[in-house]
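Asker: This is the structure I want to talk about, given as structure tokens.
The values are calculated or read from the model by the stated rules, or taken from the named source; none is laboratory data. Since the structure is predicted, the reported quantities are computational estimates derived from the model, not experimental observations. Ideal geometry is used to build each Cβ from the backbone, glycine not excepted, and the neighbour counts take in all protein chains shown. Accessible surface is based on the protein model in full, side chains and every heavy atom, while ligands, DNA and RNA are left aside. Shrake-Rupley method; radii C 1.70, N 1.55, O 1.52, S 1.80 Å.
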Amino acid sequence: MDPRVWIEKQRRLLACEENPVVKPWGGKIPMGLVFPNTYSVGMANLGFQLVYSMLNREQDVVCERIFWDPSEGFQPFSLETQQPLGHFEILAFSIPFENDYPRVPQMLGMAGIPLDSQKRLPPHPMVWVGGVTASLNPEPIAPFVDLFAIGEAEALLPELLQKYRFCKQQRASKKQCLEEMSSIPGVYVPSLYRVTYDKRGLIKSFRPVGAAPEKVKRRVASNLELEVPRSFVLGPSSEFESMVLVEIGRGCPRRCFFCAAGHLFHPVRHRSLDSLRRTIKEALKLREKIGLVSSSVCDHPELEGICKEVFSQGGKISVSSLRLDRLEDQLLESLVQSGHKTLSLAPEAGSQRLRDVIGKGIREDQILEAVNKILSAGIARLRLYFMVGLPTETRQDVEQTVELVKKLLHLGRKLTRGKGLERITLSVNPFVPKPWTPFQWHAFEDTSELKSRIQLIQRRLRPERRVQVLHEPPKWARIQSLLARGDRRIAMVLSLVAGGETWEKALKEVNLNPDFYLHRPRGPEELFPWDFIDQGYSKELLWGIYQKALARGSQN
Ligand code: SF4
């Protein structure tokens, strides 16, 4: 596409948005808030929306959004005033998924900005990175980044800005400024750390130079009641354009052993109904429907009150996924009243043995009971999430996924006198071991084996007309796995991939064996690239849980 046509398209998009912030630049700190994915994905991210709102509330900051779709084939521009990346003083990337890591060097490269953070001096922008991936494992993109904000924006952003202003007033050099900023708890400046490797390629040491702290503590907002993240800007063609998303809580008490969100967002915090009332009122002025967002919507102690509040103001509710052992009739009724036709549940594994190994904590009778309730409430379409390649998984476990789906179909027919469930959509995704979970030591399954397990499910369910099986290609999961547990040497691969090289050739060129990152067994003593983060819980605890999970898997 011709960039001029694209810019015109951006202007039209902006004109259709509700509540964008377009500020004059004069005398302000221009910050480009970058979501390295498409507009539709970025606008559905409440962390991104929150940071946009927080930054633009600052008198001396002008913050513009930058999205990017690589298929467009040219450098990205900001949405608000169509500025290229190089015109900003700070580029703040918000990265929720590791799969978007390759886009950091791609975007910088296309904008003519040096990739190496140490060679990038003013007037080139500083590059900051926040979001979930920064708190999990920032190392694969460490050489491109000046600083990572580890933790929650509410806690970190005001301090970061304050320190940055101070450095500007003092006319500090970039190096001095980064040293200053590294004193803020939660700020990780990768150039202030040296990593050495042993002969086997394992990390031998990971040490700060100068005054940078040895461990970087993940920051947690002390009071979530003060600010309620929601879709501040609403736009056409965003993933949830028909509703306003509102975060009602953060964290999940279950801590399933595979789940990064369950481990990362702690402590579990639920926003009180009192603090949500005003947001609900404001949101309903914009849209009729409110999307309730939390890792554990069903665990919210005031969920019933929240639903009632929305209904009393003439609104409707929506939720993305529900915990199937906490399906209250009241919630189902509210969802039906709101026009929900499909519900999403996540059994994750078909066999009880495997659900126990991964710490899912739900029994088959609870799954059947949940579907019973859903059908009785009048919802006849289900979306079910499963994984393949889980620790200790066998072909029999995969077969049992098929059996479980068949049981649900049978139950549907029984409960509806032969009419049955209208549709079951199975989302079957390869398991990717994530840092900061008990499975961070576990090897990623071979892609051909993953493929054959997915094919087994597809083949066995093909005769069922009402079942659709969707899946993420194992080769993408393989890249995600490489990035999830990669170290800073992976950045060399990312630079080559950004220049158009294939992954395999890039890995070969820099002499890195992908099996080292993907399939190698790891021991308890291994120093991980993300061990410098202080998450508030110990590696020993995770190792203990992992060992118990494996032992449970071999008992049954
Ligand atoms: S219940 Fe869901 S969000 Fe909570 S830890 Fe388990 S998988 Fe994660």
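Asker: Here are some conditions: (1) part of a helix (DSSP H, G or I); (2) farther than 30 Å from L202 by Cβ; (3) not small (G, A, S). E449 meets all but one. Which one does it not meet?
Answerer: E449 satisfies every listed condition except (2).
Asker: Has segment 114-127 got at least one residue that is within 28 Å of E18 (Cβ to Cβ) and touching a residue at least 40 places away in the same chain (Cβ under 8 Å)?
Answerer: The answer is no; no qualifying residue exists.
Asker: Let me ask something else. Where the second residue is of a type outside the set (A, V, I, L, M, F, W, C) and open to solvent by less than 50 Å² (accessible area, probe 1.4 Å) and the first is closer than 21 Å to Q176 by Cα and lies in segment 204-219, which pairs have Cβ atoms under 6 Å and are six or more apart or on separate chains?
Answerer: Correct list of pairs: P208/Y193; A212/S182; E214/P208; V216/Y188.
Asker: Can you name every residue in segment 253-278 that is over 18 Å from G315 (Cβ atoms) and either in contact with a Phe, Trp or Tyr (Cβ under 7 Å, 6 or more places away or on another chain) or more than 11 Å from the ligand (Cβ to nearest atom) (or both)?
Answerer: Correct list: F257, F258, A260, H263, L264, P267, R269, H270, S272.
Asker: Next question. Just to be sure, is S295 open to solvent by 30 Å² or more (accessible area, probe 1.4 Å), touching a helix residue (DSSP H, G or I) at 6+ places or on another chain (Cβ under 8 Å) and farther than 19 Å from S344 by Cα?
Answerer: no
Asker: Those residues that are part of a loop (DSSP other than H, G, I, E, B) and in contact (Cβ under 8 Å) with a residue 12 or more places away in the chain, I need them from segment 479-512; list them, please.
Answerer: Those that are part of a loop (DSSP other than H, G, I, E, B) and in contact (Cβ under 8 Å) with a residue 12 or more places away in the chain: R485, G486, D487, R488, R489, G499, V510, L512.
Asker: Still on this model: Kindly check whether there is at least one residue in segment 524-536 that is within 23 Å of the chain's Cα centre (by Cα), assigned to a loop (DSSP other than H, G, I, E, B), of a type outside the set (V, I, T) and at pLDDT below 95.
Answerer: Yes, the conditions are met somewhere in segment 524-536.
Asker: Can you confirm whether E247 is within 16 Å of the ligand (Cβ to nearest atom) and acidic (D, E)?
Answerer: So E247 passes the test.
Asker: Need the failing condition index for L226 against (1) open to solvent by 20 Å² or more (accessible area, probe 1.4 Å); (2) within 16 Å of the ligand (Cβ to nearest atom), just the number.
Answerer: (2)
Asker: Within segment 73-91, take every residue that is under 24 Å from the mean Cα position of the chain (by Cα) and not polar (S, T, N, Q) and give me the one that is farthest from K23 (Cα to Cα).
Answerer: Only one residue tops the list, namely P76.
Asker: Could you please find all residues in segment 332-347 being assigned to a helix (DSSP H, G or I) and open to solvent by less than 10 Å² (accessible area, probe 1.4 Å)?
Answerer: L332, S334, L335 - these are the residues of segment 332-347 that are assigned to a helix (DSSP H, G or I) and open to solvent by less than 10 Å² (accessible area, probe 1.4 Å).
Asker: Considering only residues that are under 23 Å from G420 (Cβ atoms), away from the ligand (no atom under 14 Å from the Cβ) and open to solvent by less than 10 Å² (accessible area, probe 1.4 Å), which ones fall in segment 352-395?
Answerer: Selection gives V371, I374, I379, L382.
Asker: Among all residue pairs at least 6 apart or on different chains, which show Cβ distances below 9 Å where the first residue, located in segment 312-333, is within 22 Å of R287 (Cα to Cα) and in the same structural domain as V246 (by TED's automatic domain parsing) and the second is among the polar types (S, T, N, Q) and in a helix (DSSP H, G or I)?
Answerer: Qualifying pairs under 9 Å: K316/S334; K316/Q337; I317/S334; I317/Q337; L332/S376.
Asker: Could you check, for segment 167-181, whether at least one of its residues is basic (K, R) and at pLDDT below 95?
Answerer: Scanning segment 167-181 turns up no residue that is basic (K, R) and at pLDDT below 95.
Asker: Here's a follow-up. Quick check on this structure: which one of V132, V51 is farther than 19 Å from P190 by Cα, open to solvent by 10 Å² or more (accessible area, probe 1.4 Å), modelled with pLDDT of 95 or more and of a type in the set (V, I, T)?
Answerer: Going through V132, V51 in turn, just one is farther than 19 Å from P190 by Cα, open to solvent by 10 Å² or more (accessible area, probe 1.4 Å), modelled with pLDDT of 95 or more and of a type in the set (V, I, T): V51.
Asker: Based on what the data block shows, is A155 assigned to a helix (DSSP H, G or I), closer than 12 Å to V187 by Cβ and free of Cβ contacts under 8 Å to residues at least 60 places away in the same chain?
Answerer: no
Asker: Still on this structure, I have one more. Considering only segment 28-38, I want to know if a residue exists there that is more than 17 Å from D69 (Cβ to Cβ), of a type outside the set (F, W, Y) and in a loop (DSSP other than H, G, I, E, B).
Answerer: For segment 28-38, residues more than 17 Å from D69 (Cβ to Cβ), of a type outside the set (F, W, Y) and in a loop (DSSP other than H, G, I, E, B): present.
Asker: Write out, first by first residue and then by second, each pair whose Cβ atoms fall under 7 Å of each other, whose residues are 6+ apart or on separate chains, and whose first residue, in segment 536-556, is surrounded by 12 or more Cβ atoms within 10 Å (Cβ to Cβ) while the second is in a helix (DSSP H, G or I) and modelled with pLDDT under 95.
Answerer: Once the first residue is surrounded by 12 or more Cβ atoms within 10 Å (Cβ to Cβ) and sits in segment 536-556, no partner that is in a helix (DSSP H, G or I) and modelled with pLDDT under 95 comes close enough.
Asker: A follow-up question, please. Please go through (1) within 20 Å of Q396 (Cα to Cα); (2) assigned to a helix (DSSP H, G or I) for V469 and return the number of the only condition it doesn't satisfy.
Answerer: (2)
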